[in-house]
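The values are calculated or read from the model by the stated rules, or taken from the named source; none is laboratory data. Quick caveat: nothing in here was measured; it's all calculated off a predicted structure. All Cβ positions, even for glycine, are placed from backbone atoms using ideal geometry, and neighbour counts span all protein chains on display.
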Amino acid sequence: MFKTFKKLAIAATVCAVGATLLVAPAASAFVTEMPSTIFVGKYPGSVAFSPNGAVAYVANFDDNTVSVIDVATGTTRTPIRVGTNPTSVAFNPSGTTAYVTNGSSSSVSVINVSDGTTRASIAVGISPQSVSFSPNGTTAYVANFRSNSVTVINVADGSVRSQIKVGSSPFSVAFNPSGTTAYVTNRGDDTVSTIDVAHGVAQGLIRVGVKPSGVAFSPNGKLAYVTNSGDGTVSVINVAKGTTGKSIKVGLTPQTVAFSPNGSSALVANFGDGTISSINTANGSTRAPIKTGNGPFTVAISPRGKIAYVTNTKDNTVSVIPCP
């Protein structure tokens, strides 16, 4: 059983220590108080809010389950069994279905959200690490780390439409708000693949930082942020031009990034130092980092932008933090 997800997180921390400790973020001395926590399954890696914000799903890598959190109460319901070593989770735009990538069984579990049951399993590429639905909900993209590909799923019937070749070791995938373009981070060659969604082809590569992990588009679609786990930075991509500007220094081993609904802030989960970096997107400055649990991996912001959930892989919890 290979555990790409865990190995990458650990390896990235080791590789990044030397470089990141040389220059810390300006506000790093002012770490805020530990937030409240919710206990979930073993080695929680990914978290996603339902579109209505009522529940959140957490993919637990080591016990092959998805934890279901009632957001209003902060309590967990009966976990959902999925495939082997789930790595990521995403809801479709209507909130009726959730997809879970299973890293060691090379599949996607399809969850019926209304009753919390798995209704199907879709075979994809080798070691799927990330899944994202198109804004119109008709298509899902899955980044396959060992296949150097993206699987394109027809959501209506669960069939695989095609495989798109991308860069080396693709790790994360995201659609722009209009659904015309998708970005894929390639950890093996420090690039982002740009996919033309209408034609289902990769158009080119954008050079970013070292070992890119997470990617997210701003709500207006003009910018994309990429977390570079190997050098402790966030690359800022001008989407119209396909170019990068000045990178933003964050914490140690940043893994994922999420924009607030209004686009004024972005939160970054720093696996290596147990913090969340908060970025002012207007000028690229960082606010005082927020302390989380041990090994934060994924940060997700609620649809209303009031709170964020952070998965802490090493202590099996989710931190609940207020959004700036």
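Taking segment 50-149 as the region of interest, the strands (runs of 3 or more DSSP E) fully inside it that hold 3 or more residues being over 25 Å from residue 315 (Cβ atoms) are 107-112, 117-123, 128-133, 139-144.
Before we move on, is residue 196 without any contact (Cβ under 8 Å) to a residue 24 or more places away in the chain and under 22 Å from residue 87 (Cα atoms)? In short, no. Any residue that is surrounded by fewer than 24 Cβ atoms within 10 Å (Cβ to Cβ), at pLDDT below 95 and among the small types (Gly, Ala, Ser) - is there at least one of those in segment 217-232? Within segment 217-232, none of the residues are surrounded by fewer than 24 Cβ atoms within 10 Å (Cβ to Cβ), at pLDDT below 95 and among the small types (Gly, Ala, Ser). Do the conditions hold for residue 119, that is, is it surrounded by fewer than 21 Cβ atoms within 10 Å (Cβ to Cβ), touching a Ser or Thr at 6+ places or on another chain (Cβ under 6 Å) and under 30 Å from residue 198 (Cβ atoms)? Here the answer is no, as residue 119 does not meet what is asked.
Can you go through 236, 257 and tell me which one is surrounded by 24 or more Cβ atoms within 10 Å (Cβ to Cβ), of a type in the set (A, V, I, L, M) and part of a strand (DSSP E or B)?
On the way: 236 fails: surrounded by 24 or more Cβ atoms within 10 Å (Cβ to Cβ).
After applying the criteria, what remains is 257.
Being closer than 22 Å to residue 171 by Cβ and in contact (Cβ under 8 Å) with a residue 40 or more places away in the chain is not true of residue 123. Tell me which of these residue 180 doesn't satisfy, since it passes every other one: (1) under 20 Å from residue 238 (Cα atoms); (2) in contact (Cβ under 8 Å) with a residue 24 or more places away in the chain; (3) surrounded by fewer than 17 Cβ atoms within 10 Å (Cβ to Cβ). All conditions pass for residue 180, except number (2).
Yes/no per residue for (1) of a type outside the set (Val, Ile, Thr); (2) in contact (Cβ under 8 Å) with a residue 24 or more places away in the chain; (3) closer than 23 Å to residue 177 by Cα:
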| position | (1), (2), (3) |
| --- | --- |
| 263 | yes, yes, yes |
| 272 | yes, yes, no |
| 275 | no, yes, no |
| 289 | yes, yes, no |
| 292 | no, yes, no |
| 296 | yes, yes, no |
| 313 | no, yes, no |
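In segment 29-43, what residues are part of a loop (DSSP other than H, G, I, E, B) and at pLDDT below 95? Selection gives 29, 30, 31, 33, 34, 35.
Picking from residues in segment 274-283 that are of a type in the set (Gly, Ala, Ser) and surrounded by 17 or more Cβ atoms within 10 Å (Cβ to Cβ), the one that is nearest to residue 264 (Cα to Cα) is 278.
Provide a single number: the residues in segment 143-174 that are closer than 15 Å to residue 226 by Cβ and out of contact with any Leu (no Cβ under 8 Å at 6 or more places or on another chain). Total satisfying the criteria: 7.
Checking 132, 105, 168 one by one, the residue that is under 21 Å from residue 267 (Cα atoms) and either among the polar types (S, T, N, Q) or surrounded by fewer than 22 Cβ atoms within 10 Å (Cβ to Cβ) (or both) is 132 and no other. Scanning segment 163-218 for residues that are of a type in the set (S, T, N, Q) and in contact with a helix residue (DSSP H, G or I) (Cβ under 9 Å, 6 or more places away or on another chain) yields a total of 2.
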